[in-house]
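Structure incoming, see below.
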Amino acid sequence: MTNRSFSPAADTLDEIARIVGDKGVIKGDDAAPMLTEWRNRWPGDASLIIAPANVEEVAAVVKVCAHTKTPITPQGGNTGLVGGQMPTRGEVLVSMRRLNRIRDVSPLDNSMTLEAGVTLAAAQEAAEKSDRLFPLSIGSEGTCQIGGVISTNAGGVNVLRYGNTRDLVLGLEAVLPNGEIWNGLKRLRKDNTGYDLKQLFIGGEGTLGLVTAASLKLYPRPIEQLTAFVALASPEKALQLLSLAQAGPGDVTSFELISRDALALVLKNIPQTRAPLADDPPWYVLVEFSSGEKNALGGPVETMFAHALDDELITDATIAQNEREAHDFWRLRHSMSEAMRSEGAQAKFDVSTPVASVPAFLADADKAVNAACDNARIIAFGHMGDGNIHYDILQPDGMSLNDFDDARRRIEDAVYDVIAKYDGSISAEHGVGIMKAGEIALRKQPAEIAMMRAIKRALDPDNIMNPGKLVDTE
Ligand SMILES: Cc1cc2nc3c(=O)[nH]c(=O)nc-3n(C[C@H](O)[C@H](O)[C@H](O)COP(=O)(O)OP(=O)(O)OC[C@H]3O[C@@H](n4cnc5c(N)ncnc54)[C@H](O)[C@@H]3O)c2cc1C
């Protein structure tokens, strides 16, 4: 990637500002949070920050940018963890927050059509009002937006049952890099007419265009849910428990692995949290079951846990007795990122392997990290049911930042080599952004990188859409 800065001409910026009007130009105190991201790793530098009001304004802005070869960085809720939403070299920052209308909710069709700037929480609420479920759920759902979750193909805690964002999108509306509006909002469950173009934008991280609206799949709301916190001796036992649970009552909607050290960090740094079990085992699993029938879960799940105890698969378990307790269990899981913020520098990994390889990955990665860095503090947790582990290494106590920066490079190579051994992915759900753009160029197959570059060049020949992110064509 080059570090070339962009300096759009003053009259280009004036023209863009005229299109969006006074309300659409963001300055001063309003601008500052848009130029800082969650990890404080990539400081923002934008030549102009705008928030168009509708798809026509977005298209008019992109036309000007295409004509003048002015680079654009799209931004949703700014919760991305890999820097994709940050303009860092003077790009025009296009915030989607004013495109926030719910266009249609159709319970009979089990679908809804929303604009890109609707928050994920508002999308879930819109579905709930029509007695339907929009199942995507992630820790940042109060702030992240539909356009952002689509552009990062967000995962979260319900992937096991409902799939990633990629599985939940029926159609898209997008503004292409030449300013043309593509209306692909068909709500078809079947359409076998060639390349599935919407999939290019899902996980495209804003490099192929701006997503302006989406038609999304809805589901019947579960009638009953059961949340449990389980103690066990090892990830191998967790894998066996997953298999047992999937053959048991209802659906397993979430299956989250949490190490003892990860839980301890939450209990230490997040106020009003408490350990759900008296036992202090090396590993925990937060598991959620759901069912379309009443009273289908309680008894059968208790019996399943009793057998698992007898067979020494688990060492303890507690079932949430009400919504409050279930919420408290989930708060422990959702607070992991927050709990790590005050723990110094970190090497963070969001990796995946085939589900059955998770225990072996964790064992090998621990060995490799300990060889690369003395006294590494390893925090492992994540969506074990999807084979997706968040594997984070905290700066050891007493190690200087400079020394940890050196160690970080060794740690990254070590972990990515283990991932390669298990044929895994170096980015399971957070995407590539700035953070991993160099790494994927090395770690994906040359044929894959060549296809990605060819698609990017075909749709965005002047590389104006989010340059420097995901795939390098400069
Ligand atoms: C506490 C916390 C918990 C999280 N948990 C999870 C989790 O469980 N699973 C998970 O997958 N992620 C998780 N994330 C990461 C993040 O929330 C997701 O990546 C989310 O999808 C980003 O949405 P956003 O609207 O904030 O997008 P942004 O951060 O604003 O942007 C992300 C990327 O999408 C592009 N983009 C945004 N909007 C558009 C658009 N309309 N058109 C084209 N491109 C666009 C941006 O250019 C950027 O490349 C978490 C983050 C935090 C802070």
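The values are calculated or read from the model by the stated rules, or taken from the named source; none is laboratory data. Not measured: the values here are computed from a predicted model. For neighbour counting, all protein chains shown are included, and Cβ atoms are generated from backbone atoms with ideal geometry for every residue, glycine included. For accessibility, only protein heavy atoms count, side chains too; no ligands or nucleic acids. Shrake-Rupley method; radii C 1.70, N 1.55, O 1.52, S 1.80 Å.
Work out the FRET efficiency for GLU125 and THR36 from their Cβ-Cβ distance, taking R0 = 30 Å, and round it to the nearest 0.05.
Values: r = 28 Å, r/R0 = 0.92.
In this case the efficiency is close to 0.60.
Do you know the relative contact order of the range 351-428, to the nearest whole percent, from alpha carbon pairs under 8 angstrom that are 6+ apart? Don't jump to the answer; show the numbers that get you there.
Numbers: 105 pairs, mean separation 35.5, N = 78.
Worked out over the range 351-428, it gives 46 percent.
Under 8 Å for C-alpha pairs, at least 6 residues apart: give me the relative contact order for the range 1-143, rounded to a whole percent. Don't skip to the end; give the middle numbers.
Working: 234 pairs, mean separation 30.8, N = 143.
So the answer I get is 22 percent.
What is the distance in Å between the Cα centroid of the range 174-245 and that of the range 23-85?
Centre-to-centre distance over Cα atoms comes out at 24 Å.
Here's something else I'd like to know. Would you mind giving the average projected area, over all directions, of the Cα convex hull of the range 148-306 in nm² with one decimal? Provide the component values of the computation, followed by the final result.
Values: hull surface 52.0 nm².
Mean projected area of the Cα convex hull: 13.0 nm².
Here's a follow-up. Which three semi-axes in whole Å describe the equivalent ellipsoid of the range 354-426, each the square root of 5 times a Cα gyration tensor eigenvalue, listed largest first? Before the final figure, lay out the partial values.
Details: eigenvalues 106, 29, 18 Å².
The three semi-axes for the range 354-426 are 23, 12, 9 Å.
For an R0 of 30 angstrom, estimate the FRET efficiency from the Cβ-Cβ distance between ARG221 and SER337 and round to the nearest 0.05.
Between ARG221 and SER337 the formula returns 0.60.
Additional query: Over the chain, what is the mean sequence separation of C-alpha contacts under 8 Å (at least six apart), divided by residue count, expressed as relative contact order in percent?
Working: 997 pairs, mean separation 72.6, N = 474.
Worked out over the chain, it gives 15 percent.
Skip the ligands, DNA and RNA, and give the accessible area per residue of the chain with a 1.4 Å probe, whole Å².
Details: 20740 Å² over 474 residues.
Accessible surface, normalised per residue, equals 44 Å².
Here's a follow-up. Under a Cβ-only charge scheme (Lys and Arg +1, Asp and Glu -1), can you give me the dipole magnitude of the chain about the Cα centre, in debye to the nearest 20? List each step's numbers first, then the result.
Numbers: 47 positive and 64 negative charges, 238 e Å.
Dipole magnitude for the chain comes out near 1140 debye.
Multiply the residue gap between ALA441 and ARG457 by 0.36 nm, knock off their C-alpha separation, and tell me the result in nm, one decimal place. Display every interim value, and only then the final one.
On the way: separation 16, 0.36 × 16 = 5.76 nm, distance 1.60 nm.
Difference between extended and current length: 4.2 nm.
Over the range 16-103, what percent of the accessible surface lies on carbon and sulfur atoms, probe 1.4 Å? Working shown, then result.
Values: 1840 of 3740 Å².
Here carbon and sulfur together make up 49 percent of the probe-accessible area.
Mean residue ellipticity at 222 nm from the helices of the chain, using -39,500 (n - 2.57) per DSSP H segment of n ≥ 4 over the full residue count, to the nearest 500 deg cm²/dmol? Before the final figure, lay out each step's value.
Numbers: 17 runs with 167 residues, N = 474.
Computed ellipticity for the chain at 222 nm equals -10500 deg cm²/dmol.
Counting pairwise Cα distances across the range 90-162, what percent come out greater than 18 angstrom? The partial results should precede the final answer.
Values: 1049 of 2628 pairs.
For the range 90-162, the fraction of Cα-Cα distances above 18 Å is 40 percent.
Do any of LYS348/LYS421; LYS23/LYS198; LYS23/LYS129; LYS186/LYS456; LYS69/LYS456; LYS348/LYS456 go past 26 Å between their Cα atoms, and which? Walk me through the numbers on the way to the answer.
Working: LYS348/LYS421 19 Å; LYS23/LYS198 31 Å; LYS23/LYS129 31 Å; LYS186/LYS456 24 Å; LYS69/LYS456 15 Å; LYS348/LYS456 28 Å.
With Cα atoms farther than 26 Å apart: LYS23/LYS198; LYS23/LYS129; LYS348/LYS456.
A further question on this structure: Measure off 7 Å from each Cα along the Cα-to-Cβ vector at ALA306 and ASP261, then give the distance between these two points in nanometres to one decimal.
3.8 nm
Here is a further query. Determine the percent antiparallel among the DSSP beta bridges restricted to the range 22-149, to the nearest 5.
Working: 6 of 14 bridges.
For the range 22-149, the DSSP antiparallel bridge percentage is about 45.
When the Kirkwood hydrodynamic radius is evaluated over all pairs of different C-alpha atoms of the chain, what value in angstrom, to one decimal, is obtained?
Details: mean 1/r = 0.0427 Å⁻¹.
The Cα-based Kirkwood calculation yields 23.4 Å.
According to a simple spin-label model (label point 7 Å from Cα along Cα-to-Cβ), what is the distance in nm between ASN269 and ARG410?
2.4 nm
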